[in-house]
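Written out below as structure tokens is the structure these notes cover.
The values are calculated or read from the model by the stated rules, or taken from the named source; none is laboratory data. Computed from a prediction, not measured in an experiment: that's the story for all the values here. All Cβ positions, even for glycine, are placed from backbone atoms using ideal geometry, and neighbour counts span all protein chains on display. Please note that ligands, DNA and RNA were not included when accessible areas were found on the heavy atoms of the full protein model with its side chains. Shrake-Rupley method; radii C 1.70, N 1.55, O 1.52, S 1.80 Å.
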Amino acid sequence: MSKITYIEHNEKTHTVDVPNELTVMEGAVQNNIPGIDADCGGACACATCHVYVDKKWFDKIKKKDDAEQDMLDMAFEPNKFSRLSCQITVTDELDGLVVKMPLKQA
Ligand code: FES
């Protein structure tokens, strides 16, 4: 179980406990946090789960694969801290993770 903080584009903050082995996307959906739509259900095929990972945490997350990068290339205003939250699995090492959602998903 890890505490994950999700920050909406309007700075509204939600900190919730997410069980290990769920994805960061699933943690948002199960807690009804707005800003992560996850239209494809986690299949790395929609980019509506795009988040900006807090820079302190970015290097602690397993590296993205080519499929994720391809989807991020089509996401709204990606930057160097962009990830698809459905591709980030929660582990004890991510306790305290902070992610922010882009305006398009507001
Ligand atoms: S939920 Fe569709 S790419 Fe993550």
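See the values below:
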{"quantity": "Answer residue from the range 47-69, given it is open to solvent by 40 Å² or more (accessible area, probe 1.4 Å) and touching a Cys at 6+ places or on another chain (Cβ under 9 Å) and is nearest to the ligand (Cβ to nearest atom) among those", "calculated": "A67"}
{"quantity": "Pair list, Cβ under 6 Å, 6 or more apart: the range 54-70 residue in a loop (DSSP other than H, G, I, E, B), other residue among the aliphatic types (A, V, I, L, M) and at pLDDT 95 or above", "calculated": "D54/V98; I61/I88"}
{"quantity": "Count - residues of the range 26-39 that are surrounded by fewer than 16 Cβ atoms within 10 Å (Cβ to Cβ) and closer than 25 Å to Q69 by Cβ", "calculated": "1"}
{"quantity": "Residue check for I36: of a type in the set (A, V, I, L, M), in a loop (DSSP other than H, G, I, E, B), touching a helix residue (DSSP H, G or I) at 6+ places or on another chain (Cβ under 9 Å) and away from the ligand (no atom under 12 Å from the Cβ)", "calculated": "no"}
{"quantity": "Output for the range 10-25, where each listed residue is open to solvent by 60 Å² or more (accessible area, probe 1.4 Å) and either in contact (Cβ under 8 Å) with a residue 24 or more places away in the chain or farther than 17 Å from E93 by Cα (or both)", "calculated": "N10, E11, K12, T13, E21"}
